[in-house]
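S.K.: Here's a structure for you.
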Amino acid sequence: MTDYDVIIVGLGGMGSSAAYHLARRGVRVLGLEQFNPGHDLGSSHGDSRVIRQSYFEHPDYVPLLLRAYELWREIEAESGQELLTETGGLMMGPVDSEVIKGSLASAKLHGLPHQMLTREQIAERFPVFSPPAGTIGFLEPHAGFVRPERSVLAHISGAQVLGADLHFHSPALNWTSNSGGVEVSTATGTYRADHLVITAGPWAANPTPHWSLPLAVERQVLYWFDVPHGIDDFAPENFPVYILDEGGGSYVYGFPALDGPTGGVKVAFYRDAMPNFTSADTVNRTVSAEEIERIYRSAAALLPSLSHECLRYKTCLYTMTPDQHFVIDHLPNAPNTTIAAGFSGHGFKFASVVGEILADLATVGTTRHPIARFKADRFNQT
């Protein structure tokens, strides 16, 4: 039996970052991943993820975001790769919509730079947009996108250079936890450590004897549409990341053109009025013509220059909590075990700082970061 200080189960966005931050501290860390490095079967893929500071979901996230930006820049410099690109971010919706009210509340509370735009000013500033009547805009200069696959691989490589022992195609079959430590078994061996970190993404929603978190897995699809008349207006220097509140519980979002004149532009639903719940092991990864038509109608209403031609698509999984806030906590029924799960479709931008938080929790038991909102037992409170 091999001994470590910390074992991590799952090396996607959060787990790879945790491995890196633990290895930076000289911790003997073992990482176990059931697939290949940077795989596209969970929630850490799709070429781009929005990052923004004026967080409409809740102002409590802003301090975490400010630290996340610092840490993205650190791993970016260390890896020599561009991971975070600031394009500006445009939140759009009616004046009383969550994306407008929430973004403005976070910006005011934390003194973040921003600009309010009328519908006419949006169209003047970004001519490719045709916002619906009644729309206003909230523009923040430091929003942009993070490259998920590159980021996962940068954290994995950085952790390995620092001495982390990372095993791929090596799923954890079972684990035990008691006051003396933890044991994790795989097909090739059993490993012991002082602490276990579980960052299993949508697989954390599978029932276990150790927790009963109310996690639901939602199937999402990412789409890339052609722009037949040229992509200059969609280039990152000219076009922001954006989220539009369409009403009725539906939000559409998108990105600049990142892959040259033939790569198209990516659009998707951030929140869908018709969610499709599934599981990590049974998700349908094919995409129907009806699904493509539905997202096209939403995207083309806002961006009329998009072609009807969908160049490619990719399925993605959201692991949802009932309140759409994260779970980052020690497991109450499993000593020496920490879980990070339920990132509810808006977690990847935090991966750099979540890794630091998990390293804190695994080594000293607490963190300076504000994570009280993410307690695992909050769903059991009446």
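The values are calculated or read from the model by the stated rules, or taken from the named source; none is laboratory data. Just so we're clear, the structure is a prediction, and the values are computed from it rather than from any experiment. Reconstructed Cβ throughout: ideal geometry from the backbone, glycine too, with neighbour counts over all protein chains shown. Ligands, DNA and RNA are stripped out before the accessible areas are found, and what is left, the full protein with its side chains, is counted by its heavy atoms. Shrake-Rupley method; radii C 1.70, N 1.55, O 1.52, S 1.80 Å.
S.K.: Of 199, 176, 190, 186, which residue is of a type in the set (Val, Ile, Thr) and without any contact (Cβ under 8 Å) to a residue 24 or more places away in the chain?
M.R.: Answer to the selection: 176.
S.K.: Right, next: Can you name the condition, by its number, that residue 360 falls short on among (1) surrounded by 16 or more Cβ atoms within 10 Å (Cβ to Cβ); (2) over 14 Å from the mean Cα position of the chain (by Cα); (3) in contact (Cβ under 8 Å) with a residue 40 or more places away in the chain?
M.R.: Going through the list (1) surrounded by 16 or more Cβ atoms within 10 Å (Cβ to Cβ); (2) over 14 Å from the mean Cα position of the chain (by Cα); (3) in contact (Cβ under 8 Å) with a residue 40 or more places away in the chain, residue 360 breaks only (3).
S.K.: Looking at 202, 141, 207 in this structure, which one is in contact with a strand residue (DSSP E or B) (Cβ under 8 Å, 6 or more places away or on another chain), surrounded by fewer than 18 Cβ atoms within 10 Å (Cβ to Cβ) and not charged (D, E, K, R)?
M.R.: One residue alone meets the criteria, 141.
S.K.: Assess whether residue 106 counts as being open to solvent by less than 50 Å² (accessible area, probe 1.4 Å) and either modelled with pLDDT of 95 or more or not in a strand (DSSP E or B) (or both).
M.R.: Yes: the conditions hold for residue 106.
S.K.: Sticking with this one: Sort through 200, 193 and tell me the only one that's more than 14 Å from residue 6 (Cβ to Cβ) and of a type in the set (A, V, I, L, M, F, W, C).
M.R.: Step by step, each of 200, 193 is checked, and only 200 is more than 14 Å from residue 6 (Cβ to Cβ) and of a type in the set (A, V, I, L, M, F, W, C).
S.K.: Then there is this: Has the range 316-323 got any residue that is open to solvent by 30 Å² or more (accessible area, probe 1.4 Å) and among the acidic types (Asp, Glu)?
M.R.: Taking every residue of the range 316-323 in turn, at least one turns out to be open to solvent by 30 Å² or more (accessible area, probe 1.4 Å) and among the acidic types (Asp, Glu).
S.K.: Pick from the range 176-188 the residues that are in a strand (DSSP E or B) and open to solvent by 20 Å² or more (accessible area, probe 1.4 Å): which of them is nearest to residue 34 (Cα to Cα)?
M.R.: 185
Okay, residues lined up against (1) out of contact with any Ser or Thr (no Cβ under 6 Å at 6 or more places or on another chain); (2) within 21 Å of residue 376 (Cα to Cα); (3) acidic (Asp, Glu):
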| residue | (1), (2), (3) |
| --- | --- |
| 144 | no, no, no |
| 154 | no, no, no |
| 162 | yes, no, no |
| 185 | yes, no, no |
| 193 | yes, no, no |
| 202 | no, yes, no |
| 211 | yes, yes, no |
| 218 | yes, yes, yes |
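S.K.: Filter the range 35-92 for residues that are open to solvent by 10 Å² or more (accessible area, probe 1.4 Å), part of a loop (DSSP other than H, G, I, E, B), of a type in the set (D, E, K, R) and under 22 Å from residue 373 (Cα atoms) and give the result.
M.R.: 57 - this is the single residue of the range 35-92 that is open to solvent by 10 Å² or more (accessible area, probe 1.4 Å), part of a loop (DSSP other than H, G, I, E, B), of a type in the set (D, E, K, R) and under 22 Å from residue 373 (Cα atoms).
S.K.: Name the residue that is least open to solvent (accessible area, probe 1.4 Å), counting only residues in the range 212-236 that are at pLDDT 95 or above and acidic (Asp, Glu).
M.R.: Out of the qualifying residues, it is 218.
S.K.: Could you figure out which of (1) assigned to a helix (DSSP H, G or I); (2) open to solvent by 30 Å² or more (accessible area, probe 1.4 Å); (3) more than 23 Å from residue 225 (Cβ to Cβ); (4) among the acidic types (Asp, Glu) isn't true of residue 293?
M.R.: That leaves (3) as the condition not met.
S.K.: Does any residue in the range 282-306 that is more than 29 Å from residue 205 (Cβ to Cβ) and in contact (Cβ under 8 Å) with a residue 24 or more places away in the chain come within less than 8 Å, Cβ to Cβ, of a residue that is polar (S, T, N, Q) and surrounded by 12 or more Cβ atoms within 10 Å (Cβ to Cβ) six or more places away or on a different chain, and which pairs are these?
M.R.: From the range 282-306, the pairs are 301/130; 302/130; 303/130; 304/130.
S.K.: Is there a residue in the range 267-290 that is of a type outside the set (A, V, I, L, M, F, W, C), more than 23 Å from residue 323 (Cβ to Cβ) and part of a strand (DSSP E or B)?
M.R.: no
S.K.: Please verify whether the range 147-157 includes one or more residues that are within 21 Å of residue 253 (Cβ to Cβ) and part of a loop (DSSP other than H, G, I, E, B).
M.R.: So far as the range 147-157 goes, yes, one or more of its residues are within 21 Å of residue 253 (Cβ to Cβ) and part of a loop (DSSP other than H, G, I, E, B).
S.K.: Which residues, counting only those in the range 296-315, are of a type outside the set (Ser, Thr, Tyr) and open to solvent by less than 60 Å² (accessible area, probe 1.4 Å)?
M.R.: Scanning the range 296-315 gives 299, 300, 302, 303, 306, 310.
S.K.: Please find, within the range 247-270, the residue that is farthest from residue 205 (Cα to Cα) out of those that are buried (at least 22 other Cβ atoms within 10 Å of the Cβ) and in contact (Cβ under 8 Å) with a residue 60 or more places away in the chain.
M.R.: 256
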